[in-house]
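See structure below.
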Amino acid sequence: MSSSQRKTRSSVSLLRLFRRNRRKTVNRKANYVDDWQKRLDEVEVYGTDSAMAKANEDLKGGRTTAAFMRYCYANHQDILKKDKDDRERVKLRNQMISILDDEYPESSGQPTMNKLVNVILNSYELRAPDKEKNPEAKWVAKYKVGDWVEILDHDMEWRLHEIKQKHVEDFDGDGIAGDEDFETSYDVGSEKGISTEKMRCSEAGLKRLFGVRPWVWQQYALLKVETKIRFQQDHRDDFCNFDIMGYTEELWDLWLNNPDNFDFKKLYDNSLIGESGRRSLKTHILKPFELMTALAKGDPDWDVTCDEMRRELGVFTYLSFLGDGFIFPFVVFGLQLAIPMILVYTNWDYFSWKQDWDTQKGEVEWDKFFERARCILSPLEKTENLKLASLMALVVQVLYLVQVTPDTITNFYLQVGNAGRNVFQKLKSIRMRIRDKKHDRMGQNVGYTLDLVMNTLYVCVLYMINIFNVLQNEDTFELLLNCLALIFVAHIDEEFAGSLWWDVGMRWIKAASVELVLQNYINKPALKSTKLFAKRYNMNLDVLLEVSEGDKRLFKNRYVAEKDRKDTSLMTTRERVDFMCSELAMLTRNPSAILDYCKQQHYFGEFEFMLMKHIYGALNWIYPDVKLTGGVFNRYELYRTWSRWNDILYIGNLPDINSVLMTITAVDTVGVETIDGIDRDDEPNEDWNFDPDFTSSMTYFWTETFFSTLTLQELMGKIKDSLLEARVNDVIFWIYDAFFEWWAFVIHIIFPIYCLWGIVYFPWCFSNIPENQKESLYEY
């Protein structure tokens, strides 16, 4: 065999070996550094044959980056030295393209129901036991490139995306998959390195297999969790101590094995569904409870007590999240308005006098007003001082244009653009989703508007006022001081919220974040409307009206909720014991027992809480049944109509599994059936959580949200939807919401233009400074 043939075969074998090894475990923590120049030097010194041999060694050792560089360079040098024809170059190029296609595959197109269901039925595998590290077999999530799964995007919306790449990391290099030093991550959509814990199977596919009954249970379980947890430090049921996931799984087992739910249990245990289908459903349904647990326990990705969170939180954010504690936000709002207004008023008379000092008409000439508004012109200062002050004003305006303007735009995006990069931005995105669904309360509405206006619109207006105040000074040093004077005013709300006495231990914001998750997932409009509930969960409207005894508000009923609260037949054994203890505690008026067994009402803001307690105490003399409600973890008291829930939890329509799974074509190695031929013509719709135009939250914001808000297209769409659903009151809310949001968007266009205007006018201002003007002793 000739030398050239050996090299050719070596290249082919290396290419095959590279492709195989690239799919295998990559040791990302190996103790080596891939130095590009070092690889080039090796090729120059030892030649291409040696480089190819070393590349094979790198591949066997898992060093794919080094192998790839050696392979590319060695082949390239080999072609150059032997001056082979263009066919060899084309061949090499095609080999490289093939490798790149394997590494960065293109999307397979739109999802189909066939693809979604196949992922559900094959997303888990039974991993064999390992004597040393995993003595017991366990089911683990398993996805592959091309699977369609849902991930939580930065705007905190679950969206359907295709898996583009799979990365397997074996940190200890022992080659044992599934041990503590083994990790699998995926590139999904525009996101990189997503773990299986942050993914779930498609909601549309699961509903096709199981119907919507599990999602009705999810609403019930969310209300049960809110009923159980409380805001009481060191108590066993305090939201930080309570085992939310354990409690929820108990509720799931009780519901699943209830005799009234036998038909769903039969479907759930069907061999065609398999263990993978069952685990996919349960994982999907329990995602909200996992998120609440992560927030309550301080998971690293959801730690609301981190320094970054502390810096960003303001009093308006607290009001937006909690809906309670109005006094300090209104005080701060007044301070932030009063300070710049006083400064503007102080400078306005001097400014007006400067406008007509040359004519002395005693009034402003508006044809000169806008020209001189951006100039430092005064008869009281000498020419040199005016020129120096004008130059300093120019520097300030350039600074505002190149540094402050990008800051304000970035801050604007972080406030309203669904950034979702840290826990604060993620919570803000959840808050926006609640706003979009109109699930928020009145207090939260006010807080959201104040938070939006004071952190976007107000900041830009404040800087514009600051520029105006700066231009009223002819002293260079004072001009520079005034440039910095109002910056602290924009952060008064954050300074208040950062005080040691404001939220000790940050328990209130942690509780608020857990409540936001509850609020985001509880479908409040549907729970208080038989019509919307029937439409959302595919139920018969007449049946719902019969269960609710003709009450169109369905689950929202104060009297039924109060009656069911005392009905022990609707309780579990543990709930019955707790209820009896609470009744005895109230009967004996034992303060310690009441504190332990009776869930108390808590509102953010002690003064308001005490005031409300006295008001309700006075009302009790007139209306004995009236009581203080609606505190933290008591927002949905009126929806705790358990008798109605028990009648509705088990009546949801179920699919015929045999008609859904029409053809079984293969059985994989762990016995989980795969399918083919499931409604191939099904096209994605709004219930699939799939947006083909969505690339990333940032791109979507600047290309879609920004322009649709400015042109009022978003507002028109919301008004249209509200009118079609006969929710006329919502129209007023959307107009109110759009008014402030529109101005927040517009001011971020005006502000850079305002800064640029001053810079463009500088030559005119500078040329109009009087020459040889002396300092005047006249005092204004």
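Would you mention how many residues in segment 469-493 are within 34 Å of the chain's Cα centre (by Cα) and open to solvent by less than 30 Å² (accessible area, probe 1.4 Å)?
Pass one, segment 469-493, residues within 34 Å of the chain's Cα centre (by Cα): 484, 486-493.
Pick out the ones that are also open to solvent by less than 30 Å² (accessible area, probe 1.4 Å) and you get 486, 489-490, 492-493.
Residues in segment 469-493 being within 34 Å of the chain's Cα centre (by Cα) and open to solvent by less than 30 Å² (accessible area, probe 1.4 Å): 5 in total.
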Failed condition for D551, given (1) in a helix (DSSP H, G or I); (2) surrounded by fewer than 19 Cβ atoms within 10 Å (Cβ to Cβ); (3) at pLDDT 90 or above; (4) among the acidic types (D, E): (1)
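Sort out for me the helices (runs of 4 or more DSSP H) sitting completely within segment 675-780 that have 2 or more residues that are surrounded by 13 or more Cβ atoms within 10 Å (Cβ to Cβ), of a type in the set (A, V, I, L, M) and at pLDDT 80 or above.
Details: elements: 697-700, 706-710, 713-724, 728-767.
Per the criteria, 713-724, 728-767.
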Among (1) touching a residue at least 60 places away in the same chain (Cβ under 8 Å); (2) not in a loop (DSSP other than H, G, I, E, B), E474 falls short only on (2)
Would you check if F330 is surrounded by fewer than 18 Cβ atoms within 10 Å (Cβ to Cβ), modelled with pLDDT of 85 or more and either outside any helix (DSSP H, G or I) or out of contact with any strand residue (DSSP E or B) (no Cβ under 8 Å at 6 or more places or on another chain) (or both)? yes
Scan segment 508-528 and give yes if some residue there is open to solvent by 40 Å² or more (accessible area, probe 1.4 Å) and small (G, A, S), otherwise no. no
Looking at the structure I just gave you, is F496 surrounded by fewer than 18 Cβ atoms within 10 Å (Cβ to Cβ) and among the aromatic types (F, W, Y)? no
Report, ordered by the first and then the second residue, all pairs with beta carbons closer than 6 Å, sequence separation of six or more or different chains, a first member in segment 556-567 that is under 17 Å from K224 (Cβ atoms), and a second member that is in a helix (DSSP H, G or I). K556/L638; K556/Y639; A561/L638; D564/L570; D564/W642; D564/S643
Do you know which residues across segment 301-326 are at pLDDT 90 or above and more than 25 Å from F609 (Cβ to Cβ)? W302, D303
Which of the residues spanning segment 222-280 are touching a Ser or Thr at 6+ places or on another chain (Cβ under 9 Å), open to solvent by 40 Å² or more (accessible area, probe 1.4 Å) and more than 24 Å from R127 (Cβ to Cβ)? D243, E250, L254
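Residue by residue, here is whether (1) farther than 20 Å from G652 by Cβ; (2) of a type in the set (S, T, Y); (3) assigned to a helix (DSSP H, G or I); (4) at pLDDT 90 or above holds:
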{"position": "L209", "(1), (2), (3), (4)": "no, no, yes, yes"}
{"position": "W217", "(1), (2), (3), (4)": "no, no, yes, yes"}
{"position": "L222", "(1), (2), (3), (4)": "no, no, yes, yes"}
{"position": "V225", "(1), (2), (3), (4)": "yes, no, yes, yes"}
{"position": "Q232", "(1), (2), (3), (4)": "yes, no, no, yes"}
{"position": "N241", "(1), (2), (3), (4)": "yes, no, no, yes"}
{"position": "M245", "(1), (2), (3), (4)": "yes, no, yes, yes"}
Pairs, please: C-beta under 8 Å, at least 6 apart or cross-chain, first residue farther than 15 Å from G323 by Cβ and assigned to a helix (DSSP H, G or I) and in segment 422-441, second acidic (D, E) and at pLDDT 90 or above? V423/D303
Out of the residues in segment 485-544 meeting the condition of being among the acidic types (D, E) and without any contact (Cβ under 8 Å) to a residue 24 or more places away in the chain, tell me which one is nearest to R558 (Cα to Cα). D542
For segment 554-572, give me each residue that is in a helix (DSSP H, G or I), within 35 Å of the chain's Cα centre (by Cα) and not charged (D, E, K, R). A561
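Per-residue answers, yes or no, for (1) aliphatic (A, V, I, L, M); (2) over 30 Å from L152 (Cβ atoms); (3) open to solvent by less than 60 Å² (accessible area, probe 1.4 Å); (4) modelled with pLDDT of 80 or more:
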{"site": "K387", "(1), (2), (3), (4)": "no, yes, yes, yes"}
{"site": "M392", "(1), (2), (3), (4)": "yes, yes, yes, yes"}
{"site": "L399", "(1), (2), (3), (4)": "yes, yes, no, yes"}
{"site": "V404", "(1), (2), (3), (4)": "yes, yes, yes, yes"}
{"site": "T408", "(1), (2), (3), (4)": "no, no, yes, yes"}
{"site": "V416", "(1), (2), (3), (4)": "yes, no, yes, no"}
Within segment 430-468, considering residues that are among the aromatic types (F, W, Y) and more than 22 Å from the chain's Cα centre (by Cα), the one farthest from Q519 (Cα to Cα): F468
Among the listed residues L291, L272, which satisfies the condition of being under 27 Å from Q219 (Cβ atoms) and either of a type in the set (A, V, I, L, M, F, W, C) or in a helix (DSSP H, G or I) (or both)? L291
Test set (1) open to solvent by 10 Å² or more (accessible area, probe 1.4 Å); (2) not in a helix (DSSP H, G or I) - R310 fails condition number: (2)
Taking the conditions exactly as written (assigned to a helix (DSSP H, G or I) and within 22 Å of W743 (Cβ to Cβ)), does L481 satisfy them or not? no
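Just checking, which of V514, V446, V461, V489 is under 13 Å from V315 (Cα atoms) and either assigned to a loop (DSSP other than H, G, I, E, B) or modelled with pLDDT of 80 or more (or both)? Quick ask: steps written out before the conclusion?
On the way: V514 fails: under 13 Å from V315 (Cα atoms); V461 fails: under 13 Å from V315 (Cα atoms); V489 fails: under 13 Å from V315 (Cα atoms).
Matching residue, one of V514, V446, V461, V489: V446.
The values are calculated or read from the model by the stated rules, or taken from the named source; none is laboratory data. If you're wondering where the values come from, they're calculated on a predicted model, not measured in any experiment. Reconstructed Cβ throughout: ideal geometry from the backbone, glycine too, with neighbour counts over all protein chains shown. All accessible areas refer to the heavy atoms of the entire protein, side chains included, with ligands and DNA or RNA removed. Shrake-Rupley method; radii C 1.70, N 1.55, O 1.52, S 1.80 Å.
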